[in-house]
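The values are calculated or read from the model by the stated rules, or taken from the named source; none is laboratory data. Nothing here was measured: the structure is a model prediction, and the numbers come from that model. Cβ atoms come from the backbone with ideal geometry, glycine included; neighbour counts cover every protein chain shown. These accessible areas exclude ligands, DNA and RNA; they are computed on the full protein's heavy atoms, side chains included. Shrake-Rupley method; radii C 1.70, N 1.55, O 1.52, S 1.80 Å.
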Amino acid sequence: MDITLKIWRQKNTAIKGKFENYTLKGVSPEMSFLEMLDYLNKTLIEAGKEPVVFEHDCREGICGACGLYINGRPHGPLTHTTTCELHMREFKDGDTIVVEPWRSKAFPIIKDLSVDRSAFDKILIAGGFINIDTGAAAEANSILISKTLADKAFDAAVCIGCGACVAACQNSSAMLFVAAKVAQYAMLPQGKVEANERVLKMVDSMDDLGFGFCSNTYACEFDCPKGISVEFIAQMNREFLWAKTCKK
Amino acid sequence: MIQLDAKIPQGPLAEKWSRHKDALKLVNPANKKKLEIIVVGSGLAGASAAGALGELGYNVKVFCFQDSPRRAHSVAAQGGISAAKNYKNDGDSVYRLFLDMLKGGDYRAREANVYRAAEVSNQVIDHLTALGVPFARDYGGTLDNRSFGGVQVSRTFYAKGQTGQQCLLGAYSSLNRQVAKGTVVMYPRRDMLDLVVIGGKARGIIVRNLVTGQIERHGAHAVVLATGGYGTVFYLSTLALGSNASAAWAAYKKGAMFANPSFIQIHPTSIPVLNDYQSKLTLMSESLRNDGRVWVPLQAGDKRHPNAIPEHERDYYLERRYPAFGNLVPRDVASRAAKERCDAGFGVGETGLSVYLDFKDSIARLGKAAIEARYSNLFEMYQKITGDDPYTQPMRIYPAGHYTMGGLWVDYNLMTTIDGLFAIGESNFSDHGANRLGASSLLQCAGDGYFILPNTISDYLAGEIRTPKTNVAAPEFEKSQIETQQRIERLMNIKGSKTASSFHKRLGKILWDHCGMVRSQEGLKKGMALLDELQNEFYSDLALPGSATEVNQELEKALRVADFFEVGKLMIEDALERNESCGAHFREEYQTATGEAQRNDRDYAFVAAWQFTGSGQKPVMHKEPLVFESVELKERSYA
Amino acid sequence: MKFIGIKLSSLSHKYIVALAGAFLMMFLVVHLSTNLLMLTGDRADFDKAVEFLLTNPFIKVMEYVLFAGFIIHILLGVIVWFRNRKARPVGYLVAQSSGTSPFSKFMMHTGIIIFLFLLMHFYHFFFVKIGLVPLPPNALSESDFYSMSVYLFQQPAVSIAYIVSFIFLSFHLFHGFQSAFQTFGLHHSKYSPWVRIAGAIYAIAIGIGFSVIPIYFLFFY
């Protein structure tokens, strides 16, 4: 099939970017979206032009590196799917596909479709861990955790840190990302001990990094490739309120 | 000839590690503050090592090519992590885990190292649990276990099909904790391009900043490589596209020996190649073989839809050849059997390079709901990629390059043949012999990182407390940087017409065909000739756009591909040298009458450690004899 | 982010906006129930209620709280809105086709309409009461809200303006009601769907309830 691509090109963080159009012939419906971009890049390089820079690594939906805003949706038209899992059979011959980078002040563009998501690391460095030294752990089965709770903590822990929640949110809020980590640790006995300090530090860091404020639009949940629930945001709201008002 | 000293401690197997630990030299806290350690790679091994070393008070600098440590490829491990907890009361013990790993590796691993990996396994589970890794639980609140291929006990801890992700995120959190404390500094988006050795000791690295293109120098008192495997040498593999051999290769070229490079595990159940542009083979967990039956049509070239092929025209070849184990034979056996059928013309799909994995009978027996509960995430993934529904028609699968048992040679202290250079996790060779047992890679990574390296590295660093901070202005750094820049310029100046990926793809095909699942002397020699030819073409017709002083993903690829040519050649050298079949290494000339691998313990019970002797020169092989004090070597049989 | 010299986190903003909003939602119920007394057929019922509201000291205090509630809700809402614009300096070319519900997406817009309505509403009643605006011809006193309503809503333009505003108010409440629950962490997979339904019922009831008054005076008085 033949498609037209409208792709954001930007040389670096400082230089303003613009959209470029590319017509790509002979796209196979079997290709993944990223393989289609590989194919585009091959064509560009062979024609002596600069290929499109985009992030990717595992190409099986788990590393969280890929993340393109495709036709108005993070990771494209399918729910619970990362960009690398999206295949060209979801598009039709003759389609025009608009590909944009994540847009957020907290995620500056590095080049073309690649953005700097180190703000996520910074939030986790602020408090996204349990303070335990190697060697100090008790026998694993000495902590009993109900299956329901363990499964729920897992549901929060599946975040791949791709940033689709921020990209989807009209406010560029990182609440779902932060909440998933806060909730995971707050639910588990291992992490509960320092839950109050953790949520205060992580929210503080989130605010400082320039993300917008949550207004409960739930677009994040809708576009999260791992289907993380906004229930965890509610939990973080609870944790934070408690920490701020009753425990300081 | 250099005598390789593995420094295996004396004494009974079960006491070696504790005796050794007691004898290791320590560094006092005040001195630790003065010592710097570079860790390259931030996967489960690298992140856990960096976290643990930071806790001890060392100054740690961590480098990774990804934008965040959380994306390292440990994230993709699916099945689980084994430990000898014996929570199931099924007779498990450290010794049995050790035995299973050693046997799974077809007796080509170092006994003492394997035993130690099994020994620290319980601590690993305790620690990961304490870090908040949400392992699956039973209703009573205790940790759950599942069984895994190749063993008779249930000892695998898991977090749905995302155990690797959860373990890595746990290690990443312990790393972040140290970043917050200031003991660890993270350097993401850096490719290590060279190792700097001063006075015979590893003293630093040369990296390329992938955002600015700048070549940077970083010095330390010791360097730890945790850079994973080189399975991407096949181009199509189950690995992340960025996984590469370059850091380990730079170390090899600076004098670190490379052990058993030809030992690469081929995973039997991957989604097959579907089109010519395919960039990646996605793994379908091995656990599927518990309920799926593998078959091909009885008639070669049968192009009918699988559902239209009646039962009596199907060949369930694994059940036919291996009645005792059936569909659950080990990875290498299943892979070769699939290849054998496809080579004979019975393969299915457009390419004829796949076999069916059919759940029809299990669905009929257990109901769709039961199969859904076990495998829904895998079935969804399969459907997303292929567009076919595995509930109504069989999956198509084919083997794919997966895990490299081979890697940098290390002694019992995990130190390479370069003083002060350590290798942990998949980047070393030590624990998996010729074939890795399922659910033991995460174990090795976390074990090395949290519990082994932090102990053994102090023995080396104790001798370095008087060494001042490494001066990156030293002539060795200067030379290394210039050489690195020259390498980059050489590639940039070719100005040919073909992309780095297109070379990588062809290189991968050559290796897959000639040094893949089945090898022969003739095929290997042919492969070597083809590689030489392609390498020449690479250096004369590579197309590299852009410049080296900005983000340039093509340059990153080209540098890696350049190394893969050399890695591929060493794999072939090694495969040629090993005149036996063992584990994943199957030489056509050495098989039993029934077509099974024939090991030769008399002549080949050794580790082949290769020494670099200069570009274009034939590398020299050194042997580390494998001495088995505690086990009797047996032939594997699954029939 | 600072608000009147106090550093407020993003979550604290949310709590305050939601708290003020929840208070305003309760106020709407009181306001509506009083209004509906106009429909009993005996205007004395309504007048008695007004009399009570104007003289009860607790209500007098609450009036200030109410004003504060409005101001805080509006002010913080606007501050957050601007901050959120800044969080995405360059927008997307293709408008989001994602899961943002139209109710939550246009909170600022419906909010502005409600604010404009509020000004009109003040002009019609509150400013008359405090003497800033002259009495309509049929009103007996500054607190004769019944006559004022009769006078106003018999003008179709005014009635239509009120009804349209109530529709937007419903939109605003549609999101606001369940959003307040979420903000205070009251989310549960089992109960939240019911909260959403309750919110929808509340929003529609408020919209229809208030709209009944102008319709009554326009067509049935």
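Annotations for the structure displayed:
- Which listed residue is small (G, A, S) and open to solvent by 10 Å² or more (accessible area, probe 1.4 Å), from A:G94, A:G76: A:G94
- For segment A:1-23, taking the residues that are touching a residue at least 40 places away in the same chain (Cβ under 8 Å), open to solvent by 40 Å² or more (accessible area, probe 1.4 Å) and not in a strand (DSSP E or B), the one that is farthest from the other protein chains (Cβ to nearest Cβ) is identified as A:D2.
- Exactly one residue among C:S192, C:S179 is within 14 Å of chain A (Cβ to nearest Cβ), surrounded by 14 or more Cβ atoms within 10 Å (Cβ to Cβ), among the polar types (S, T, N, Q) and over 19 Å from the mean Cα position of the chain (by Cα), and that residue is C:S192.
- Candidates in segment A:221-235 are the residues that are hydrophobic (A, V, I, L, M, F, W, C) and touching a Gly at 6+ places or on another chain (Cβ under 8 Å); of these, the one that is least open to solvent (accessible area, probe 1.4 Å) is A:A234.
- Entry remark, segment A:159-176: residues being open to solvent by 10 Å² or more (accessible area, probe 1.4 Å) and not in a loop (DSSP other than H, G, I, E, B) number 1 in total.
- Any hit, segment B:598-609, residues being aromatic (F, W, Y) and over 30 Å from A:T43 (Cα atoms): yes
- Residue list for segment B:131-148, restricted to those being surrounded by 21 or more Cβ atoms within 10 Å (Cβ to Cβ) and assigned to a loop (DSSP other than H, G, I, E, B): B:L131, B:G132, B:V133, B:P134, B:F135, B:N145, B:F148
- So A:K181, is it more than 24 Å from C:F106 (Cα to Cα), in a loop (DSSP other than H, G, I, E, B) and modelled with pLDDT of 95 or more: no
- Qualifying residue in segment A:33-53 (condition: more than 8 Å from chain B (Cβ to nearest Cβ), touching a residue at least 60 places away in the same chain (Cβ under 8 Å) and part of a loop (DSSP other than H, G, I, E, B)): yes
The rows are residues; the columns are (1) within 16 Å of the chain's Cα centre (by Cα); (2) within 14 Å of chain A (Cβ to nearest Cβ); (3) among the hydroxyl-bearing types (S, T, Y); (4) open to solvent by less than 20 Å² (accessible area, probe 1.4 Å).
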{"residue": "B:F63", "(1), (2), (3), (4)": "no, no, no, yes"}
{"residue": "B:S68", "(1), (2), (3), (4)": "no, yes, yes, yes"}
{"residue": "B:S74", "(1), (2), (3), (4)": "yes, yes, yes, no"}
{"residue": "B:A77", "(1), (2), (3), (4)": "yes, yes, no, no"}
{"residue": "B:N86", "(1), (2), (3), (4)": "no, yes, no, no"}
{"residue": "B:L97", "(1), (2), (3), (4)": "no, no, no, yes"}
{"residue": "B:D100", "(1), (2), (3), (4)": "no, no, no, no"}
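- From A:G67, A:G94, A:G76, A:G26, residue being assigned to a loop (DSSP other than H, G, I, E, B), more than 8 Å from every other protein chain (Cβ to nearest Cβ) and in contact with a Pro (Cβ under 7 Å, 6 or more places away or on another chain): A:G67
- Tally, over segment B:486-509, of residues that are open to solvent by 20 Å² or more (accessible area, probe 1.4 Å) and either of a type in the set (A, V, I, L, M) or not assigned by TED's automatic domain parsing to the domain that holds B:V561 (or both): 2
- The sole residue among A:A136, A:A156 that is surrounded by fewer than 23 Cβ atoms within 10 Å (Cβ to Cβ), at the interface with chain B (Cβ under 10 Å from one of its Cβ atoms) and on the phi < 0 side of the Ramachandran plot is A:A136.
- Residue, nearest to B:A180 (Cα to Cα), within segment A:201-211, restricted to residues that are free of Cβ contacts under 8 Å to residues at least 60 places away in the same chain and buried (at least 20 other Cβ atoms within 10 Å of the Cβ): A:V203
- Failed condition for B:K16, given (1) of a type in the set (K, R); (2) within 14 Å of another protein chain (Cβ to nearest Cβ); (3) open to solvent by less than 20 Å² (accessible area, probe 1.4 Å): (2)
- The residues on offer are A:A183, A:A150, and the sole one that is within 14 Å of chain C (Cβ to nearest Cβ), aliphatic (A, V, I, L, M) and open to solvent by less than 10 Å² (accessible area, probe 1.4 Å) is A:A183.
- Screening B:S441, B:S427, B:S362, B:S354 for residues that are open to solvent by less than 10 Å² (accessible area, probe 1.4 Å) and within 12 Å of the chain's Cα centre (by Cα) leaves exactly one candidate, B:S427.
- Of the helices (runs of 4 or more DSSP H) lying entirely inside segment A:186-240, none contains at least 2 residues that are touching a Cys at 6+ places or on another chain (Cβ under 6 Å), over 29 Å from C:V195 (Cα atoms) and at pLDDT below 95.
- Hits in segment B:145-180 (condition: facing chain A (nearest Cβ under 8 Å) and touching a strand residue (DSSP E or B) at 6+ places or on another chain (Cβ under 8 Å)): B:V179
- In segment B:533-545, the residues that are closer than 14 Å to B:L559 by Cβ form Cβ pairs under 8 Å with partners that are open to solvent by 50 Å² or more (accessible area, probe 1.4 Å) and not in a helix (DSSP H, G or I), at six or more places apart or across chains, as follows: B:L542/B:K498; B:L544/B:K495.
- Taken together, the criteria exclude B:Y382 from residues that are away from every other protein chain (no Cβ under 14 Å) and crowded, with 16+ Cβ neighbours inside 10 Å.
- Extreme residue, surrounded by the most Cβ atoms within 10 Å (Cβ to Cβ), among residues of segment B:158-178 that are in contact with a helix residue (DSSP H, G or I) (Cβ under 6 Å, 6 or more places away or on another chain) and over 18 Å from B:S48 (Cα atoms): B:A159
- Filtered by the rule that a residue be open to solvent by less than 20 Å² (accessible area, probe 1.4 Å) and within 21 Å of A:C169 (Cα to Cα), segment A:62-72 gives A:G64, A:A65, A:C66, A:G67, A:L68, A:Y69, A:I70, A:G72.
- Scoring B:R336 on the criteria (1) open to solvent by less than 10 Å² (accessible area, probe 1.4 Å); (2) at pLDDT 90 or above; (3) under 25 Å from the mean Cα position of the chain (by Cα) leaves a single failure, condition (1).
- Residues that are surrounded by 23 or more Cβ atoms within 10 Å (Cβ to Cβ), farther than 27 Å from A:Q184 by Cα and either of a type in the set (V, I, T) or modelled with pLDDT under 95 (or both) within segment B:103-130 comprise B:G104, B:G105, B:D106, B:V114, listed in sequence order.
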